[in-house]
């Protein structure tokens, strides 16, 4: 029996969830992009897998551009469509990939926003000034976020068993359920040890032994990403920073950029960030070069940010 495109997409999404164990948010993004793929092809009288041809793929790309999607959105939608078509070939639903040889839309890649070193220090200092159990927790979470380059979803999901204080490492479960070991420096380890020693028992009371969450709320449950995001923004305001420019991901960017500027190996940074593709990590080398240029422009005698004295003419007229 002929298979509909919608049915094949459902099978592909199930494959991504079960076999590749993609995160729910990533699955949702694939689902939205592929729903648009099916919609565009249905408008061109292609509703069956075996009917898929090269002209349908080129028409799909043309429709994305005609709808005014940004280059980045078109590139992301193309990745979803290509992955789906390759799945159809791999599972024997299609004899050949109709997208083979078609140039992918190019997405200009924006440089990630990062904090300067003094801004990061101001944020950490604001966290240190916070008192009480929740203040200790906020400080420890911030030190781990910046000191380990974690995603916020990874940070709030940490359990007590994921931490090895003696070895100074965290076992982090990242995208696709992949685990990695993340080393922590002394400031982060000291902040976490202080939190476990005093703040956590004070926050949870008798229920402390019942929760395995490393950074729990007062109820003993894991903090939501939104909750931490709000607390981070409040810390940014206390530090005198523009809160709208501070986010968990900005601190992850700062971690990567500061490591590379300090001479860290790109592959090591890739492993600590949990990037599957080295090209994702390489963008931080561009950020590092940009920051070096800013230093030159601001402080070098020939930089644009300096006013230079007019030559007195000594030595001229040779």
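Here, each number is a calculation from the coordinates, and none is a lab measurement. In this text, all values refer to a predicted model and were calculated from it rather than measured experimentally. For neighbour counting, all protein chains shown are included, and Cβ atoms are generated from backbone atoms with ideal geometry for every residue, glycine included.
Summary of values
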quantity	calculated
Cα-Cα separations in segment 5-90 greater than 18 Å, expressed as whole percent	38
Separation in nanometres of the label points that stand 7 Å from Cα toward Cβ, at residue 186 and residue 129	2.5
Relative contact order [Cα under 8 Å, 6+ residues apart], segment 117-198, whole percent	28
Segment residue 175-residue 159, extension gain: residue separation times 0.36 nm, minus the distance between their alpha carbons	4.1 nm
FRET efficiency, 1/(1 + (r/R0)^6) with R0 22 Å, evaluated for residue 118 and residue 242 via beta carbons	0.95
Extension reserve of the residue 55-residue 266 stretch, reckoned as 0.36 nm per residue once the Cα distance is removed	71.9 nm
Which of 51, 221, 99 has the fewest Cβ neighbours within 10 Å, and the rest in rising order	221, 51, 99
Residues 212, 265, 97 arranged by fewest to most Cβ contacts within 10 Å	265, 212, 97
Mean separation of Cα contacts under 8 Å, 6 or more apart, over the residue count of segment 117-299: relative contact order %	24
Ranked 195, 78, criterion: other C-beta atoms within 10 Å, fewest first	78, 195
Potential lengthening between residue 207 and residue 43 on full extension [0.36 nm per residue; Cα-Cα distance subtracted]	53.3 nm
